[in-house]
Amino acid sequence: MRKAAAARPATARRAAKKPAGKPVRKPASKPAEPPMDLAVGRRIRDLRRGKAMSLETVAARTELSIGFISQIERGLSSPSLRVLATLADVLGVGIAALFGAAPNDDSTGGVVTREPQRAELKLWRTGISKQLLSPAGSESRLNLFLVHLEPGGNTGDEFYTHDGEEAGLVLSGEMTLTVDTETWTLKQGDSFRFASRRPHRFSNPARDAKAVVLWVNCVTAAG
């Protein structure tokens, strides 16, 4: 006679009948658009409307799509420095105008910029940030910036051009600068100057060190 199998505990029987649960996955949350993108987008939109220019006109002159410009204005796309310089050029202003208007409570007469008052433009996708050292406002044609290049930060593979002239001094780290067909590696203490209509681009070739550059832009377009 075959012996009856020993009965399993009730808890074991319940556990055996319970189907294996699937791991619970939390829905991926869409990252919020950076406030800097929203602020720059609104500024571009305000400048465009102030000059009574349509999206179609700006798109035709910049060779950017209407949809892309609309996304920038709504803060849905983070533009590169090349794109911002192109937009500023078509709008007839220097890139400093995209930092915002001059403060209403300016007690320095538009002459002095205190360190806590510096406007900043963070191009977070490209690893570049620019601090405006001169007073903010779209009417100024001469502007001074402190440019921070994160390791690998760059303006992209494409060259870009815009109105004016620029010069700079590498304060720390190193920077690769290409103008037309020539490329230079600039280290701390090296400086440069060139007409902004010459095709150019720049980057930080270092993998573990940030570069800081004192940068001057002078535009001739009317503000």
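Going through Ala221, Ala209 one at a time, which residue ends up being open to solvent by 20 Å² or more (accessible area, probe 1.4 Å) and either within 21 Å of Gly92 (Cα to Cα) or modelled with pLDDT under 95 (or both)? Write out each step before concluding.
Details: Ala209 fails: either within 21 Å of Gly92 (Cα to Cα) or modelled with pLDDT under 95 (or both).
Result: Ala221 is the single residue among Ala221, Ala209 that is open to solvent by 20 Å² or more (accessible area, probe 1.4 Å) and either within 21 Å of Gly92 (Cα to Cα) or modelled with pLDDT under 95 (or both).
Identify all residues within region 191-206 that are of a type outside the set (A, V, I, L, M, F, W, C) and surrounded by fewer than 15 Cβ atoms within 10 Å (Cβ to Cβ); write none if there are none. Before you say what the answer is, go through the steps one by one.
Restricting attention to region 191-206, the residues satisfying the condition of being of a type outside the set (A, V, I, L, M, F, W, C) are 191, 193, 196-201, 203-205.
Residues satisfying the conditions are Ser191, Arg193, Arg197, Arg198, Pro199.
Hey, Ser129 hits all of (1) over 24 Å from Ala52 (Cα atoms); (2) open to solvent by 30 Å² or more (accessible area, probe 1.4 Å); (3) at pLDDT 90 or above but one; which does it fall short on?
It fails just one condition, (2).
Search region 177-190 for residues being in a strand (DSSP E or B) and over 22 Å from Arg207 (Cα atoms), and hand back the single one that is most open to solvent (accessible area, probe 1.4 Å). If you could, list the steps in order and put the result at the bottom.
The initial filter retains those residues of region 177-190 that are in a strand (DSSP E or B), namely 177-179, 182-187.
Next cut, over 22 Å from Arg207 (Cα atoms) only: 179, 182.
Numbers: Val179: 6, Glu182: 101 Å².
That would be Glu182.
Out of all the residues in region 134-151, is one or more modelled with pLDDT of 95 or more and polar (S, T, N, Q)?
no
From Val93, Val83, which residue is at pLDDT 85 or above, in a loop (DSSP other than H, G, I, E, B), closer than 24 Å to Ser134 by Cβ and of a type in the set (A, V, I, L, M)? Step through it out loud before you land on a result.
Working: Val83 fails: in a loop (DSSP other than H, G, I, E, B).
Matching residue, one of Val93, Val83: Val93.
The values are calculated or read from the model by the stated rules, or taken from the named source; none is laboratory data. Please read all numbers here as calculations on a predicted model, not as lab measurements. Don't worry about glycine lacking a Cβ; one is built from the backbone with ideal geometry, like all the others, and counts go over all protein chains shown. In case anyone asks, the SASA skips ligands and DNA or RNA and just uses the protein heavy atoms, side chains included. Shrake-Rupley method; radii C 1.70, N 1.55, O 1.52, S 1.80 Å.
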